[in-house]
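The values are calculated or read from the model by the stated rules, or taken from the named source; none is laboratory data. In this text, all values refer to a predicted model and were calculated from it rather than measured experimentally. Note: accessible area is taken over every heavy atom of the protein model, side chains too, but ligands, DNA and RNA are not part of it. Shrake-Rupley method; radii C 1.70, N 1.55, O 1.52, S 1.80 Å.
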Amino acid sequence: MPDNLTLDGLISALTHKPTLRPRTEPLLLRDVLAMKRQRGDNDIAGFKEVCREFAYGLNGTISGGIWAMNQWIKAADAGRQPWVGKITQDRRRAFVADCEAVLAGTFGVEFKVEAA
């Protein structure tokens, strides 16, 4: 019987251990922001303002941001968010369009991992 066969050793041996893999595709909203900067977009301030609506800000996931923003766009269009103006709605729609283009790979800029 092996010497290190303890309960902790057994759990450790059977538990999946995450490994650090290089990211090859964008995951977070800050990745979209970096791609927008690289492309030279002029609506970066509006994108960042929309991201501030999320609890995680630029650290939120792209897919989560798209889902939440689509819900908020529908709510504002239905009149359930009367405080949201046309400019904010336009920024929200541009946010969703940019994020969907990044996920689809049609944004026009190659994703590059920024050094930490």
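Tabulated values for the structure
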{"quantity": "Heavy-atom SASA rank of 41, 77 (probe 1.4 Å, accessible area, largest first)", "calculated": "77, 41"}
{"quantity": "Accessible surface ranking that places the most exposed of 62, 87 first, with a 1.4 angstrom probe", "calculated": "87, 62"}
